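Some notes on the structure that comes next.
The values are calculated or read from the model by the stated rules, or taken from the named source; none is laboratory data. Not measured: the values here are computed from a predicted model. Backbone-built Cβ (ideal geometry, glycine too); neighbour counts: all protein chains shown.
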Amino acid sequence: MKPILRISDLSTRFFTKSGQVNAVESLSMSIDDGEVFGIVGESGSGKSVTARSLIRLIESPGKITAGKIEYRNAEVADEIEDSNPEAVDGDYVDLAALPEDVVRSLRGPSFSMIFQDPESSFNPTLTVGEQIAEAVEVQRRASSNPRSVKSRTSSSAYSLRSYAYGTIMPNRSYVSSESKDRAVELLQQVGIPDPEERVDEYPHEYSGGMLQRAMIAQALAGEPDILVADEPTTALDVTIQAQVLNLLRDIQEETGMTILLITHNLGVIARMCDRVGVMYAGEIVERGTLSNIFDEAVHPYTKGLLGSIPDIGSAGGRLQPIEGNVPSLMDEEMGNRCYFADRCPKAMKTCLEKPADLSVDGAKEHEVQCVLAKEEYDESDALDPGQFEGEDS
Amino acid sequence: MSLKDTLRSAQPESSGPLVEVRNLEKHFYDNDNIIDRLLGNGPVSIRAVDGISFNIHRGETLGLVGESGCGKSTTGETVLRLQEATDGSVQFRGDRVFEMNGDDLSEFRRNAQVVFQDPYTSLDPRVPVGQTVREALDIHNIGTKTERNERVRDLLERVGLSEDQFDRYPSEFSGGQRQRIGIARALALNPDFLVLDEPTSALDVSVQAQILNLLADLQEEFELTYLLISHDLSVIRHICDRVAVMYLGEIAEIADVDTLFESPKHPYTKALLESVPRAETAERDRDIETLQGDVPSPRNPPSGCRFRTRCPEVISPNSMDIDQHVYRELMHFRELVENEEISVHKIAQDAGISESATELDSREQKAFVETVKDEVLDIELPSSHESTVNDAIAHLVDEEWERAATELRSEYESICETSNPQLTDDEQPVACHLYK
Ligand code: SF4
Ligand code: SF4
């Protein structure tokens with residue numbers, strides 16, 4: 001089957017006062033329908049920017065500067081063909097080639113996103129139920145007439161907050177009793193106790209874990225094809241995290257929804273995902289199934305990450321940290337070499353040339369962006385550890 | 001004598017624990033709420049730490065683990081007297097910390113230091129880092145200025161920075177480097193005891209590993225004793241010798257680290273360990289029995305055992321013949337009745353009872369009871385328990401909450417509600433009625 005999402009050579013850059021930041025660098029991958037794909041990385045790896053690029057939540061001074069984000073949906077392709085023929089290729093629509101307002105109109109029915117911090121996606125002055133019901137209405141209108149959604153949400157202000165609020169009209173009542181009933185149903189589905197009462201409460205009356213569930217309910221309201229979950233459990237306590245992960249698993253199983261999960265936590269990846277991409281300095285450096293990554297890792301960065309986690313199964317011992325720090329991603333500092341070379345214990349002279357990017361279509365296989373994928377480590381060829389001195393502190 | 005030796009000529013060694021905490025309490029009073037003030041309500045007490053006792057032995061690392069709001073950070077700050085305790089005592093080398101003043105107190109402050117979680121906010125952005133590290137030496141007026149600067153350079157090297165970074169500002173450092181600076185600052189006075197409050201929680205995992213290794217090295221080199229506060233069970237397992245698990249201001253269980261992770265006793269410890277997702281392929285297929293509900297508010301903690309509202313092992317009354325799962329669900333149902341958290345009107349509607357009906361006939365009554373059981377209780381009740389529960393639910397028709405609650409209570413009340421279990425006095429102290 002053809003993938004539901006096909007990303008090729010995506011680059012997202014931020015043009016800041018102090019220079020150009022290459023947050024996502026020529027990234028390619030594809031995700032199958034119904035798959036849970038995880039992206040794992042540390043801060044500054046570009047994992048969140050990747051997720052936000054998909055649904056065009058990149059704020060100025062950020063910009064997608066290259067690449068395609070192709071989403072497979074015959075109906076949407078059909079609808080969009082007239083106004084934006086250049087973005088359509090068969091069943092696929094290239095989101096990167098669409099105007100912002102059209103991408104925004106796909107939020108809800110095609111994509112939804114959940115975040116680490118549910119407070120930012122709820123308007124504190126409206127009840128939780130009103131906000132979920134509004135998301136239900138957006139879905140209804142979108143499925144009857146996509147253009148109406150477009151015109152209603154074409155404000156120019158653009159932030160995470162306005163993404164959330166953008167789908168919500170600031171009026172204090174339910175549009176229809178059906179949408180309220182659906183809101184109750186959704187709250188029930190995500191395990192909110194006593195949803196008939198809770199639907200009328202305000203966000204601050206919910207605990208953190210419950211608000212996270214409510215955000216998931218809101219994201220489900222549009223019955224999206226793809227759920228983008230950006231660190232969905234990072235702010236939660238571990239017993240609540242376990243509840244929310246189980247909930248996401250159940251929902252995925254019931255609905256067959258595709259999930260793109262972004263996290264720094266390899267345990268969460270292992271619990272949730274079919275396949276994983278490991279990101280470093282704006283690139284996916286290794287990609288494969290869970291066992292490819294956890295049991296057969298090749299890339300020294302992946303190995304380093306795994307070696308850094310203290311093992312809950314045994315005490316003591318020394319951890320194997322990755323020395324040094326994450327690079328700055330400033331364009332002029334990046335050079336054209338393997339971005340991990342300054343921290344890599346296996347760096348060789350050949351690493352001063354950039355290893356080839358991962359492919360889009362080889363996506364099913366275990367792929368590694370590192371010379372070690374093709375040749376053995378040769379100590380006599382090792383890079384002088386002083387090579388990068390002075391490059392960073 | 002070098003400055004280092006001056007600092008080292010510390011105290012005569014005595015035997016016994018380095019730190020002894022007894023019945024420590026820290027309550028906050030919260031009446032900042034305008035509505036409370038308008039209504040003239042008295043302050044609400046929040047029992048952040050509610051009567052805990054433990055020892056920390058010389059050279060060991062004791063871990064305090066628990067979820068947010070369990071009181072672990074408040075415990076650390078109160079032990080150091082950075083917050084004033086409400087009650088209880090802390091002894092440091094046998095001296096009562098809360099009664100110290102003058103020289104004693106200043107001596108204690110030299111010997112007991114803290115490293116905070118957030119390396120971004122805990123350093124003053126306008127002060128060069130060398131000066132930050134030196135500050136304690138300046139305050140305690142130790143050595144000459146040259147000696148102090150030399151000691152600071154030494155410390156910077158020791159924590160993995162370089163001495164020529166003395167004059168740099170915090171903004172020039174990464175998160176991990178700032179945490180190293182925070183550690184150097186804590187070490188300046190050559191303390192015996194460090195409280196590490198979530199020292200790696202703000203760091204990426206590769207950098208966290210560097211800091212954990214550093215802490216282990218420093219402990220060995222300087223014979224330090226640590227109180228490590230963390231929510232991360234993997235970190236706890238990795239560096240602690242003994243661990244205390246906290247829940248809602250109390251200690252649920254204390255044990256040495258292997259015992260705690262390999263044979264936990266307290267149902268909360270078990271649940272906590274089970275909840276952590278592991279970075280291994282088998283994780284996908286692991287069956288995780290998650291805890292129900294949220295942590296209750298410390299303003300209004302449950303009676304008896306504080307964990308009872310979520311405990312999967314809550315104890316049924318003596319000699320009651322009931323499946324644990326059914327009993328657990330009944331307890332949860334009782335909780336809803338006690339808190340009047342069932343939407344009676346919605347249920348009446350679902351049961352097909354018209355809104356104008358004043359008196360229900362027996363058919364409607366029955367429909368109501370069945371609907372409650374269906375929508376709220378959601379388990380098959382064994383016939384032996386059916387009539388009690390049905391009778392109680394029937395009171396809800398008239399919204400007689402109290403009556404329903406009382407009837408259920410008289411039948412199903414658990415020892416876990418009526419009595420707060422105390423820590424057992426044995427090798428693996430645990431506060432749970434299952435262990436006596
Ligand atoms: S390409 Fe070279 S430097 Fe980069 S990760 Fe592979 S071995 Fe290390
Ligand atoms: S005392 Fe009762 S409620 Fe508390 S942990 Fe033990 S069994 Fe559970």
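Some notes on this structure:
- Filter result for residue B:105 (surrounded by fewer than 17 Cβ atoms within 10 Å (Cβ to Cβ) and of a type in the set (A, V, I, L, M, F, W, C)): yes
- Residue pairs meeting the criteria (Cβ under 6 Å; at least 6 apart or on separate chains; first away from chain B (no Cβ under 14 Å) and of a type in the set (Val, Ile, Thr), in region A:326-355; second in a helix (DSSP H, G or I) and near ligand 1 (Cβ under 8 Å from one of its atoms)): A:350/A:371
- For residue A:295, the conditions (1) within 30 Å of residue B:165 (Cβ to Cβ); (2) charged (D, E, K, R); (3) within 12 Å of chain B (Cβ to nearest Cβ) all hold with the exception of (1).
- In region B:346-389, the residues that are of a type in the set (Lys, Arg), within 19 Å of residue A:193 (Cα to Cα) and surrounded by fewer than 17 Cβ atoms within 10 Å (Cβ to Cβ): B:346
- Any hit, region A:294-301, residues being more than 9 Å from ligand 1 (Cβ to nearest atom), surrounded by 15 or more Cβ atoms within 10 Å (Cβ to Cβ) and assigned by TED's automatic domain parsing to the domain that holds residue A:275: yes
- Check on residue A:345, more than 9 Å from ligand 1 (Cβ to nearest atom) and not hydrophobic (A, V, I, L, M, F, W, C): no
- Taking the conditions (1) out of contact with any Phe, Trp or Tyr (no Cβ under 6 Å at 6 or more places or on another chain); (2) more than 7 Å from chain A (Cβ to nearest Cβ) in turn, residue B:252 satisfies each one other than (1).
- Taking region B:177-207 as the range and being within 14 Å of chain A (Cβ to nearest Cβ), crowded, with 21+ Cβ neighbours inside 10 Å and under 21 Å from the mean Cα position of the chain (by Cα) as the test, the residues that pass are B:199, B:200, B:203.
- In region B:298-319, the residues that are in contact (Cβ under 8 Å) with a residue 24 or more places away in the chain, more than 14 Å from ligand 2 (Cβ to nearest atom) and either under 18 Å from residue B:433 (Cβ atoms) or surrounded by fewer than 19 Cβ atoms within 10 Å (Cβ to Cβ) (or both): B:299
- From A:63, A:17, residue being farther than 16 Å from residue A:106 by Cβ and without any contact (Cβ under 8 Å) to a residue 12 or more places away in the chain: A:17
- Listed by position, the strands (runs of 3 or more DSSP E) contained in region A:231-320 that have at least 2 residues being touching a residue at least 60 places away in the same chain (Cβ under 8 Å) and closer than 26 Å to residue B:294 by Cβ are A:258-263.
- For region B:275-289, the tally of residues that are touching a residue at least 12 places away in the same chain (Cβ under 8 Å), at the interface with chain A (Cβ under 7 Å from one of its Cβ atoms) and either under 22 Å from residue B:229 (Cβ atoms) or of a type in the set (D, E, K, R) (or both) stands at 2.
- All positions within region B:255-274 that are crowded, with 22+ Cβ neighbours inside 10 Å and within 7 Å of chain A (Cβ to nearest Cβ): B:271, B:272
- Filter pass, residue A:115 being in contact with a Pro (Cβ under 7 Å, 6 or more places away or on another chain) and surrounded by 22 or more Cβ atoms within 10 Å (Cβ to Cβ): no
- Selection of first residues in region A:68-84 that are surrounded by fewer than 15 Cβ atoms within 10 Å (Cβ to Cβ) and of second residues that are not aromatic (Phe, Trp, Tyr), restricted to Cβ pairs under 6 Å at least 6 apart or on distinct chains, gives the following pairs, ordered by first then second residue: A:74/A:91; A:81/A:88.
- Residue in region A:218-226 that is touching a residue at least 24 places away in the same chain (Cβ under 8 Å), surrounded by 21 or more Cβ atoms within 10 Å (Cβ to Cβ) and under 30 Å from residue A:355 (Cα atoms) present: no
- Helices (runs of 4 or more DSSP H) wholly inside region B:244-352 that include at least 2 residues being among the hydroxyl-bearing types (Ser, Thr, Tyr): B:267-275
- Filter pass, residue B:209 being of a type in the set (Gly, Ala, Ser), touching a Pro at 6+ places or on another chain (Cβ under 6 Å) and assigned to a helix (DSSP H, G or I): yes
- Filtered residues of region B:398-431 (kept if more than 16 Å from ligand 2 (Cβ to nearest atom) and crowded, with 21+ Cβ neighbours inside 10 Å): B:404, B:408
- Only one of A:357, A:311, A:331, A:384 that is more than 12 Å from ligand 1 (Cβ to nearest atom) and under 30 Å from residue A:4 (Cα atoms): A:357
- Scanning region A:270-292 for residues that are touching a His at 6+ places or on another chain (Cβ under 8 Å) and away from ligand 1 (no atom under 14 Å from the Cβ) gives A:287, A:288, A:289, A:292.
- Any hit, region A:195-209, residues being at the interface with another protein chain (Cβ under 7 Å from one of its Cβ atoms) and either in contact with a Lys or Arg (Cβ under 8 Å, 6 or more places away or on another chain) or in contact (Cβ under 8 Å) with a residue 24 or more places away in the chain (or both): yes
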